[in-house]
Structures are given as structure tokens and as C-alpha cells.
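Read the structure below first, then the notes.
Where a number appears in this text, it was derived from the coordinates with a stated rule and is not lab data. In this text, all values refer to a predicted model and were calculated from it rather than measured experimentally. No Cβ is skipped: glycine too gets one built from the backbone with ideal geometry, and neighbour counts run over all protein chains shown.
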Amino acid sequence: MRAVAAALAVSSSFLAVSVVLAQSRSSGKPPVGAAPKYDPAIYAELQKAPEKARNRLNPLENDPDAVAAGAILFEQHCAECHGNSAEGSPKAPSLLVPEVQSATPGALFWLLTNGVVRKKMPVWSKLPEPQRWQLVRYIKSLGGRALPGDSPAPKP
Amino acid sequence: MASIYRRTLLGFFSFSLLLVFYLAPALAQENPYFVAYDHYLEEPGNLEIEYFSTFGSQRGGNSFHAFWTEFEYGATAWWTTELYLDGQTTFNDSTVFTGFRWENRFRPLQREHFINPVLYVEYENKNGADKILKEGEGHDLESDFLVSNAEAQKEHIHEVELKLILSSTFKGWNLTENTLAAKNLSNSPWEFGYALGASRPLALKASAKRCTFCPQNFIGGVEMYGGLGDRHNFGLHDTSHYLAPVLAWNLPSGWTLRFSPGFGLNDNSHSFLMRWGVSREITGFASMVTRFFGGHQ
């Protein structure tokens, strides 16, 4: 019974830690549904892509299915944080802004592969390379939906 | 008193089931391993609830079915924390709760490299009846499992386990190597073990249509694990080793199914282990908890 009690104690602690983490992550952030603020500094990570990575061409540039496949991948792996239409959310920035849309496919692929782990963006190299390139095609296909500097409100 | 414990435990599991079915699932891209770890951590704020089973054949004794539940939470993009609750049924003997584990994995490097290290720290509070075979360590032998549950439960084990996970992904293949060092906090020597794994999705490109049976949803591979003795007697002498093909099926509904038949590689190992598991990844668990307590996201 001591083991069961200990398990319960640890379970409760686990939940408590989750709550504390969640609260600390949220402090100072806008409430749910608020439009994310446009902050160019967030996109500075894209500039850190090495030249070789930035100049890589998308091998699926002419693949007619890449955008459709990328849209499904985006919905499955990215929409939770970046919003259903990549408009951004309090958790993660918009991908419709000029910084992203004018970035080279190679730079976007590099960022997907490496993540920004100190700023909550996970490493996505667990998706095979072709799937990351499909995602890049989809993200680039969203270009022009937003005005420069706009911070579109998320969909309801 | 015992009934209160049982009810509380039942309540905890019911709450977990509610989470599994109620909250928004995410399509998981889970690896197929049961023992080995790769360098990918849980996405921040996501909770993955997993159930695993191991059936083991036992020479000279009763075969068993060991089972465990994992609650894996992405605290940050570089830290995943996980709680395990373990139990087992030994046929013609009894069903017992065997303990819990609290595991943490840390990613020390910010970027992706050819070899990616992850540091693993685990605390185990279990009894001697534990049979989940989640790792091979020290001089663990098949004959250790011949002890009856009643007798084995009398042994209380408080153990710290450290792992260095080195993992690479190359042309769709994941290759991983885990080195393990474990210390029973009683006066026992450090014990060592290893796990190796290789896996690859059956297709690397995603389909342009939503599908359940698309080859990219299946990840196949193989893992091998075993003990390496202890500080006083390091090496392969009196150790057990296993080789196991592994398969994971990541369903679009957010469920992942895993399956792995394992084979003992020497006379000290169980000749056959059959493992299977089911898991579901829940997105936005942190946000849900925050909202529940009236906070802002």
C-alpha cells in the first residue's frame, strides 16, 4: 500500500508541476483568442540559417502534390501553435508575415529541422526530409494572404 | 484504508481515460521502440498517455503479463518528464502493482547535429516483482523471475538510472544507441546496460490525401538491448540480451499502436517476449490545465 500511496503522491506532484509550468509559461501573455503581437525579433532565428542551408533548393518545388500533402502535415503538427491558417496564436508567431514568406525554402527547412528549442519550437527532424520540404511548400504557398506588418486575428 | 487507495487509483485512471477520449488528439509521429530512446522529445505542452504490455514466456516457472502506463509530458522543447505506473500478472500466481518511475529527458544542444545527445535521469520506486523488462541492466537473468510474487514483493528497490542517448537521423533512418548506468540506492554496485535501435518510416513522403493505411504512417525497425554487468564484474558474463523487430502505426486519429515480438539471444534470457502498446497524444494539455485553474493561455 505504501507503494500505491507513493504513486499517488508522485501523480499529484506530476499534475502540480504541469500546472505550475503551464502558469509560468502563460504569465504576461495575452488571453486566449487575442491576436499575437507582431514582433520582428521573433523571426530573427531565420537569419541564423547558414548560407549553405539557406541556398538549398526545395527538391519538391515541382511536385504537384506537395502543397496538398504539406497542408495535411501542417494541420497535424503545426496548427496547434501557429493557428489553423498559420495566422499565429499566443503560443507561436504568424507564418504569413514577410519575414517568413520572403525567406528562402532552404532557410525555412533549416528552421524546421533545428527548431528553436529555447523558445518552445520543437525540432521537427523526426519528420522525414521530404515531409519537411512538403511543409515548406505549403507555408510558402500561403504568401500574400497578409499585409506586411499585419498581425491577423486568429479564426474563431 | 486499502479500499480508499484502490478508489483513488481507479479515479486517477478514470481521469486519464477521460483525458484520452475528451481532449484534442494530435497526429503522433512516434518511434516504434519499446526499450530504446531516440532524441526526439515530447512537444511542449502536449501530454501523451501510453499503455504497454509485455507477455513473457518463463522456463521452469509461470509465464507472465507485465503492463505499465506512461504519462509523458513536454515541459519545454528541451525537457520531457514522464511518470510510469507498473504492474504484472504472473499466471497461476497473482496480479500485483510493482511500483512507479519518474523519468526526465533533457536535450542539451539547441540545434540538430549528426549525433544528438539526450541526458536521461530516472528514479524508480519498485519492488522485486517488477517484470516489465523496460531495460536490460546488470546481471538480470530469466531465473530471477522464478520467485513467487508474494516473496518478490518483499524486496523494495529505490533506484536511480542514468542514460546517455545518442541518436541520429539519416535519410529517413533513425539510429540510436543508449548507454545505461543504474544504482540501487541501497548498498549495491552500479549496474550497466545498453540498447540499440534502428527504424524508418515505410515511406518518406506524405500522401496528399488523408489516409489510415498510407505507408508513411507505419514505422518499422529493430531494437537490441541487454545487460553489461556491474562495477565489480563488467562484461557479458551472466547477462541477458534480446533482439526485437518493432513496428509502430501512427493513426490519423491521434492513436499510435506498437507491436514487437522479442527473442532472447542467450540462455539467460527469456526465450520469447511479446510486446504491444497503445498511446494517444493530447495537444494543449498545459493550456487546458491553465484554463481549468482560471489562468490565461
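Using θ = phi - 60° and the Karplus relation 6.51 cos²θ - 1.76 cosθ + 1.60, list the HN-Hα couplings for segment B:244-254 in order, rounded to whole Hz, with x at every Gly or Pro.
Karplus-based 3J(HN,Hα) across segment B:244-254 equals 9, x, 9, 9, 10, 10, 8, 7, x, 6, x Hz.
Under a Cβ-Cβ cut-off of 12 Å, what is the net charge of the residues other than B:W190 that fall near it, where Lys and Arg count +1 and Asp and Glu count -1?
On the way: positive: B:K183, B:R231; negative: B:E137, B:E159, B:E161, B:E191, B:D230.
That works out to -3.
With springs only between Cα atoms under 10 Å, which of B:L119, B:L47, B:L247 fluctuates most in a Gaussian network model of chain B?
Of B:L119, B:L47, B:L247, the Gaussian network model singles out B:L119 as fluctuating most.
What ranking of B:T179, A:T104, B:T256 emerges when the number of other C-beta atoms within 10 Å of each C-beta is taken as an exposure proxy, fewest first?
Ranking B:T179, A:T104, B:T256 by Cβ neighbours within 10 Å, fewest first, gives B:T179, A:T104, B:T256.
Rounded, prolate or oblate: which fits segment B:103-244 when a ≥ b ≥ c are the square roots of the eigenvalues of the alpha-carbon gyration tensor, with rounded for a/c under 1.5 and prolate only if a/b beats b/c? Display every interim value, and only then the final one.
Numbers: a/c = 2.29, a/b = 1.80, b/c = 1.27.
Cα axes put segment B:103-244 in the prolate bin.
I'd like the mean, over residues of A:73-80, of how many other protein chain beta carbons sit within 10 Å of each residue's own Cβ. Please list the in-between numbers first.
Details: counts 4, 0, 2, 10, 6, 0, 2, 8.
For peptide A:73-80, the averaged partner shielding equals 4.
Short version: ³J(HN,Hα) in whole Hz for each residue of segment B:198-205, in order, from phi by Karplus 6.51 cos²θ - 1.76 cosθ + 1.60 (θ = phi - 60°), x for Gly and Pro, what are they?
My calculation for segment B:198-205 gives 9, 7, 7, x, 6, 9, 8, 8 Hz in order.
Would you order B:H241, B:H39, B:H156 from fewest to most other beta-carbon atoms within 10 Å of each residue's own beta-carbon? Present the calculation step by step, with values, prior to reporting the outcome.
Details: B:H241 19, B:H39 23, B:H156 13.
By the 10 Å Cβ count, ascending, the order reads B:H156, B:H241, B:H39.
Need the list of lysines near B:K171 for cross-linking: C-alpha distance under 28 angstrom, and skip anything on the same chain fewer than eight residues off.
Partners found: A:K48, A:K52, A:K119, A:K120, A:K126, A:K140, B:K163, B:K205, B:K209.
Using alpha carbons only, how many angstrom separate the centre of segment B:151-194 from the centre of segment B:35-112?
Segment B:151-194 and segment B:35-112 have Cα centres spaced 12 Å from each other.
Enter the Cα centre distance for the pair segment A:35-92 and segment A:106-124, rounded to the nearest angstrom.
Comparing the Cα centres of segment A:35-92 and segment A:106-124, I get a distance of 9 Å.
Can you put B:H65, B:H158 in order, fewest other beta carbons within 10 Å first? Present the calculation step by step, with values, prior to reporting the outcome.
Values: B:H65 16, B:H158 13.
Least crowded to most crowded, the residues run B:H158, B:H65.
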